[in-house]
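> Mind having a look at this structure? Questions to follow.
What follows is calculated from the coordinates using simple rules that are stated; it is not laboratory data. What you see is a predicted model; the values in this text were computed from it and never measured. A quick note on method: Cβ atoms are made from the backbone with ideal geometry, for glycine too, and the neighbour counts reach across all protein chains shown.
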Ligand code: ARG
């Protein structure tokens, strides 16, 4: 819509004594087409003109219509409604939407954003929280990139902590090397769970775990060797999931990377007299902000999660030259990030104002949470496999002869999960049904992908008639029907939607927009024949098809989905 809003500003400017920003701020999109394409609420001029909005609307309509021929104005109560003449404006909307890199901008030029995303823990399952962080973070990274920012993505792997001591103790007793190589995450979890079960009977086990972690922290070669082992196998398994999701990172840096960088942080806190003792531990008090103190050193002198995040933030600022630091992490860590950012402030790091936690709510798939300590785990790869199988069954029904069926099923099945994750405002708790998510109708990823594939098919058919996409022209008289006009207006909103999704850090804004585009296009497709006997008509309408597919494909890719050419 915004392209029309921008044009409205230009059109209105000569008649109202307001700046373009002032006009833009009050413009509205009428709820029904009879009320025009854009509405100007005349109260915005009431004070200046010392007249009632109704009187202003009437007066403006007369003056406006005397001056412009491509936009008609109508006074309706206190509104001035603008009707753009599709004959003249449809080709302009089309030309904008067909531009190379439509939706991209250079808004963020010169600014570097470091995004912390995914960040699963070794030796624990890749949970649904990590999936959401991966998908939301990946979509945001794409949106930032598309808007001209320099983006650095970091997967902050949880590869350090007392759980490794437990794992080693358990591995020494019950471990199976073959299993660990083959399915490291399952085997690690089995050991982890067994450790917790057995500790109830055997008290020596906890101590053994502590000893192993002590050995690890003190560089014992055997402990280090085992640690490497666990980490490298788990990372390989994570990599397989990332490859399926189509996600890559600029850096995969474990928490262990900061082992030698925390001492300096503690030192600085001490020098700045920010550390105080509390029950034997060292903390930074944050009373004046009304939040609990940030724990820096435990009573045994060891560092802890916030200490590591302080070192991490400093590293990202100093070494990675971050202008903004974003953390896509579940809402349950809200306090943790508040504390870390506040401590940075107190350390004199003014840039802490550019640190932001981007939280999200819980998600369940068919009522399953996917990760628990008790070992009742639904593994992500199992869920992905299930989705792909279901997608394949649907494709088999719809299009049995499809050559690369497996590949398409992978794109559609995984796309269904990703889209379902992203279409809800991120803070909402969602429990979705896999069967629902994978339907080709309704508010699903497959529906958008299927609509794009329909466009590709129309374009292919056009090509066989010698109507190539790059020749798009035809007569705009064929774009004046309400369905075509509505679709074109919808396409005109794409850049604004990308901007808005980024402003509020909500991929859902883009996901919902793609559903709207798909619906609008399908109305056009069903109401008007795209491929007709008239070359002029077909060419004009294929223009709408080409523009639609460009918006859908770009949008899907920004969200992290593929847009197969055939489904
Ligand atoms: N590994 C952590 C977890 O699973 C998430 C880490 C998030 N990033 C960070 N810099 N703290 O809870």
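> For residue 504 paired with residue 480, estimate the spin-label separation in nm (one decimal), with each label point 7 Å from Cα along the Cα-to-Cβ line.
3.7 nm
> Oh, and also: Taking R0 as 41 Å, what's the FRET efficiency between residue 228 and residue 278 from their Cβ-Cβ distance, rounded to 0.05?
Details: r = 36 Å, r/R0 = 0.88.
Rounded to the nearest 0.05, the efficiency is 0.70.
> Here's another thing I want to ask about it. Output the relative contact order of the range 123-205, whole-number percent, from Cα pairs under 8 angstrom with separation of 6+ residues.
Numbers: 41 pairs, mean separation 30.8, N = 83.
Worked out over the range 123-205, it gives 37 percent.
> So, one more: Using alpha carbons only, how many degrees (0 to 90, rounded to 10) separate the axis of helix 507-527 from the longest principal axis of the chain?
Between helix and principal axis, roughly 40 degrees.
> For the chain, what's the relative contact order in percent, using C-alpha pairs closer than 8 Å and at least 6 residues apart?
Values: 934 pairs, mean separation 87.4, N = 567.
So the answer I get is 15 percent.
> Test of understanding: what is the full-extension gain from residue 364 to residue 55, defined as 0.36 nm times their sequence separation minus their Cα-Cα distance?
Difference between extended and current length: 105.7 nm.
> What does a probe at residue 106 reach in the range 129-153, counting residues whose amide N is under 15 Å from the point 7 Å along Cα→Cβ?
146-150
> Give me the percent relative contact order of the range 162-245, please, defined on Cα pairs under 8 angstrom at least 6 residues apart. Walk me through the intermediate numbers first.
On the way: 70 pairs, mean separation 34.5, N = 84.
Contact order relative to length: 41 percent.
> How far is helix 221-245 tilted off the main Cα axis of the chain, in degrees rounded to 10, range 0 to 90?
So the inclination is approximately 20 degrees.
> What share of Cα pairs, in percent, lie more than 16 angstrom apart in the range 162-245? Walk me through the numbers before you get to the answer.
Details: 1786 of 3486 pairs.
Within the range 162-245, distances greater than 16 Å cover 51 percent of Cα pairs.
> By counting other Cβ atoms within 10 Å of each Cβ, how are 228, 196, 357 ranked from fewest to most?
On the way: 228 11, 196 16, 357 20.
The order, fewest Cβ neighbours first, is 228, 196, 357.
> So, R0 is 51 Å and r is the distance between the beta-carbons of residue 334 and residue 176; what FRET efficiency does that work out to, to 0.05? Spell out each step's value before the answer.
Details: r = 39 Å, r/R0 = 0.77.
Between residue 334 and residue 176 the formula returns 0.80.
> While we're on this one: Take the alpha-carbon positions of the range 2-84, form their convex hull, and give its projected area averaged over all directions (one quarter of the hull surface) in nm².
Working: hull surface 19.0 nm².
For the range 2-84, the mean projected area of the Cα convex hull comes to 4.7 nm².
> Any idea what angle helix 184-199 forms with the longest principal axis of the chain, computed on alpha-carbon atoms, 0 to 90 degrees, nearest 10?
Result, in degrees: 50.
> Please work out the FRET efficiency for the pair residue 298 and residue 240, using the Cβ-Cβ distance as r and a Förster radius of 22 Å; give the result to the nearest 0.05.
Details: r = 36 Å, r/R0 = 1.62.
FRET efficiency, residue 298 to residue 240: 0.05.
> Cut-off is 10 Å between beta-carbons; in what order do 489, 51 appear when sorted fewest neighbours first?
51, 489
> Could I ask something else about it? State the extension gain, in nm to one decimal, for the chain segment bounded by residue 398 and residue 527, taking 0.36 nm per residue of separation less the distance between their alpha-carbons.
Full extension from residue 398 to residue 527 adds 44.2 nm.
> Next question. Label-point separation (nm) for residue 270 and residue 88, each offset 7 Å from Cα along Cα-to-Cβ?
7.6 nm
> Return 100, 505, 130, 526 ranked ascending by Cβ neighbour count within 10 Å, so the fewest neighbours appear first. All intermediate terms of the calculation are to be shown ahead of the outcome.
On the way: 100 6, 505 19, 130 25, 526 9.
Ranking 100, 505, 130, 526 by Cβ neighbours within 10 Å, fewest first, gives 100, 526, 505, 130.
> Here is a follow-up. Would you mind giving the three semi-axes, in whole Å and largest first, of the ellipsoid equivalent to the chain according to its Cα gyration tensor? The partial results should precede the final answer.
Numbers: eigenvalues 553, 205, 61 Å².
Listed largest to smallest, the semi-axes of the chain are 53, 32, 17 Å.
> Moving to a separate point now. Stretched out fully, how many nm does the piece from residue 291 to residue 350 gain, at 0.36 nm a residue minus the Cα gap? Don't jump to the answer; show the numbers that get you there.
Details: separation 59, 0.36 × 59 = 21.24 nm, distance 1.99 nm.
Length gained between residue 291 and residue 350: 19.2 nm.
> With label points built 7 Å along Cα→Cβ from the Cα atoms of residue 435 and residue 28, find their separation and express it in nm.
About 4.3 nm, to one decimal.
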